[in-house]
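Written out below as structure tokens is the structure these notes cover.
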Amino acid sequence: MDQKRPDPYATLGEFIKRQRELSQLSLRQLADICGISNPYLSQIERGLRTPSSMILQSLAKGLRISAETLYTQAGILDPREAEESDVIKAIMHDPDLSARQREMMIDMYRSFRKVNDADGAS
């Protein structure tokens, strides 16, 4: 398969690194704020690791940007689809769901949308 599109997580990693630098935070400082290891954050920034939605949310808090911004950078959210963003936001803010349940709900929702898009259903 021809690879013409850049890996979205490499782009995401570059975006996170730029935001970290703009915030004048070292890799270690941001990792500490987010509760993740330095090597893991370094791998995310270099596009070697795929962060979960919960890690993206933690990074967004640490960088003081919206989680939706990182979800869009990661290709989780399509910026043209506001309704999807609203659903994701509702799931992320549901206090009755655990972090893992939120992540699973978002993954299921995205899977259903992909199936419907492929079938031409709305």
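Return a whole-number percent for the relative contact order of region 8-73, with Cα pairs under 8 Å and 6 or more residues apart as the contact set.
39
Roughly how big is region 8-73's charge dipole about its Cα centre, with Cβ charges of +1 (Lys, Arg) and -1 (Asp, Glu), in debye to the nearest 20?
Magnitude of the dipole: close to 80 debye.
Read-outs: derived from the displayed coordinates by stated rules, not from any lab. Predicted, not measured: the structure shown is a model, and the values here were computed from it. Cβ: placed from backbone, ideal geometry, glycine included. Neighbour counts: every protein chain shown.
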